[in-house]
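**Q** For reference, the structure I am asking about is given below.
The values are calculated or read from the model by the stated rules, or taken from the named source; none is laboratory data. Please read all numbers here as calculations on a predicted model, not as lab measurements. Ideal geometry is used to build each Cβ from the backbone, glycine not excepted, and the neighbour counts take in all protein chains shown. The area values use the complete protein model at the heavy-atom level, side chains included, leaving out ligands, DNA and RNA. Shrake-Rupley method; radii C 1.70, N 1.55, O 1.52, S 1.80 Å.
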Amino acid sequence: FWYLQSLYAKAYDPTTAVSDLGIPLPLKPDLEALLSRSTVEEGITQILKDLEGAENLLPKVAANDYRPTKASVHGLRARVYFYMGRYDDASVEAEKALSYNSELCDMRTWAFIDEGFPILGVINMPDDNTESPEKIWYRATSFDMMIQMFCISDDLQALYGDKKDLRFKFWFTLLDRSGEPYEDGHERYLQ
């Protein structure tokens, strides 16, 4: 429901959420049901209710990387509260998620295989999210290769200041697949 709500419903506004159209909420298995759209408030209420139930049912540690845990519930709840503008509640939930796992990758140990061709990859970077110490829940799709590179806005680029931030170094590039600078001069996200 969260992904549908955040994609297809109006943004949460506490003054209009009770009347803004949200998403259909099928709560019972019925393939023939004719569903009407809920309000944004009803959708958010259901999402938070589902997260409360999930928190009570999920383990602290998953049997494998593809199963959610209590940390993933807190992480998603933090995102929902942030979306709602409830920043203090979002902070509390984020801290709870981090209490289960607050490890970070040490990007100081990373290096490009070839700086002139960053698309070739990075040494010591986790191969995928299942190896990342930052992971609290791994979700995957077979369509992850669809978006390989895209331009970033000047505003986002400016947030990195002098570009010495290692996140900028390893996640963005001015070089195309052949190692040549992009003609438009815009940085690209490097997956």
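**Q** Kindly indicate whether D88 is out of contact with any strand residue (DSSP E or B) (no Cβ under 6 Å at 6 or more places or on another chain) and part of a helix (DSSP H, G or I).
**A** Numbers: out of contact with any strand residue (DSSP E or B) (no Cβ under 6 Å at 6 or more places or on another chain): yes; part of a helix (DSSP H, G or I): yes.
Here the answer is yes, as D88 does meet what is asked.
**Q** Out of the residues in the stretch 164-186 meeting the condition of being among the basic types (K, R) and over 17 Å from G116 (Cα atoms), tell me which one is modelled with the lowest pLDDT. Lay out the reasoning, then the answer.
**A** The first filter runs over the stretch 164-186 and keeps only residues among the basic types (K, R), leaving 164, 167, 169, 177.
If we keep only those that are over 17 Å from G116 (Cα atoms) too, we end up with 164, 167.
On the way: K164: 77, R167: 83.
Applying the filter and picking the extreme gives K164.
Yes or no, residue by residue, for (1) under 30 Å from L175 (Cβ atoms); (2) in contact (Cβ under 8 Å) with a residue 40 or more places away in the chain; (3) open to solvent by less than 80 Å² (accessible area, probe 1.4 Å):
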residue	(1), (2), (3)
L35	no, no, no
I44	no, yes, yes
D89	no, no, yes
C105	yes, no, yes
I113	yes, no, no
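**Q** Can I ask one more? Report whether or not Y66 is over 30 Å from R177 (Cα atoms), among the hydroxyl-bearing types (S, T, Y), touching a Phe, Trp or Tyr at 6+ places or on another chain (Cβ under 9 Å) and in contact (Cβ under 8 Å) with a residue 60 or more places away in the chain.
**A** Numbers: over 30 Å from R177 (Cα atoms): yes; among the hydroxyl-bearing types (S, T, Y): yes; touching a Phe, Trp or Tyr at 6+ places or on another chain (Cβ under 9 Å): yes; in contact (Cβ under 8 Å) with a residue 60 or more places away in the chain: yes.
Yes, satisfied.
**Q** Also: Identify the residue in the stretch 1-23 that is in contact (Cβ under 8 Å) with a residue 60 or more places away in the chain and crowded, with 17+ Cβ neighbours inside 10 Å and, among all such residues, is nearest to I47 (Cα to Cα).
**A** W2
**Q** Go through the stretch 63-77 and count every residue that is open to solvent by 30 Å² or more (accessible area, probe 1.4 Å) and of a type outside the set (K, R).
**A** So in the stretch 63-77, the residues open to solvent by 30 Å² or more (accessible area, probe 1.4 Å) come out as 63-68, 70, 76.
Pick out the ones that are also of a type outside the set (K, R) and you get 63-66, 68, 76.
Counting residues in the stretch 63-77 that are open to solvent by 30 Å² or more (accessible area, probe 1.4 Å) and of a type outside the set (K, R) gives 6.
**Q** Scan the stretch 10-19 and tell me whether some residue there is of a type in the set (K, R) and more than 21 Å from E131 (Cβ to Cβ).
**A** Kept after step one, since they are of a type in the set (K, R), are these residues of the stretch 10-19: 10.
With the extra rule that they be more than 21 Å from E131 (Cβ to Cβ), the set shrinks to 10.
Yes, the stretch 10-19 contains a residue that is of a type in the set (K, R) and more than 21 Å from E131 (Cβ to Cβ).
**Q** If you don't mind, another one. Might you check whether a residue that is in a loop (DSSP other than H, G, I, E, B), modelled with pLDDT under 85, at positive phi and more than 19 Å from the chain's Cα centre (by Cα) occurs anywhere in the stretch 115-125?
**A** Yes, because at least one residue in the stretch 115-125 is in a loop (DSSP other than H, G, I, E, B), modelled with pLDDT under 85, at positive phi and more than 19 Å from the chain's Cα centre (by Cα).
**Q** Hey, can you tell me all the residues within the stretch 48-85 that are outside any helix (DSSP H, G or I) and either among the charged types (D, E, K, R) or modelled with pLDDT of 95 or more (or both)?
**A** First, pick out the residues of the stretch 48-85 that are outside any helix (DSSP H, G or I): 58-69, 85.
Listed by number, the residues that qualify are K60, D65, R67, G85.
**Q** Report yes if Y83 is under 26 Å from K135 (Cα atoms) and either within 17 Å of the chain's Cα centre (by Cα) or of a type in the set (F, W, Y) (or both), otherwise no.
**A** It is true that Y83 is under 26 Å from K135 (Cα atoms) and either within 17 Å of the chain's Cα centre (by Cα) or of a type in the set (F, W, Y) (or both).
**Q** More than 14 Å from W2 (Cβ to Cβ), in contact with a Pro (Cβ under 9 Å, 6 or more places away or on another chain) and either of a type in the set (A, V, I, L, M, F, W, C) or in a helix (DSSP H, G or I) (or both): which single residue out of L35, L31, L98 fits that description?
**A** Numbers: L31 fails: in contact with a Pro (Cβ under 9 Å, 6 or more places away or on another chain); L98 fails: in contact with a Pro (Cβ under 9 Å, 6 or more places away or on another chain).
Only one candidate qualifies: L35.
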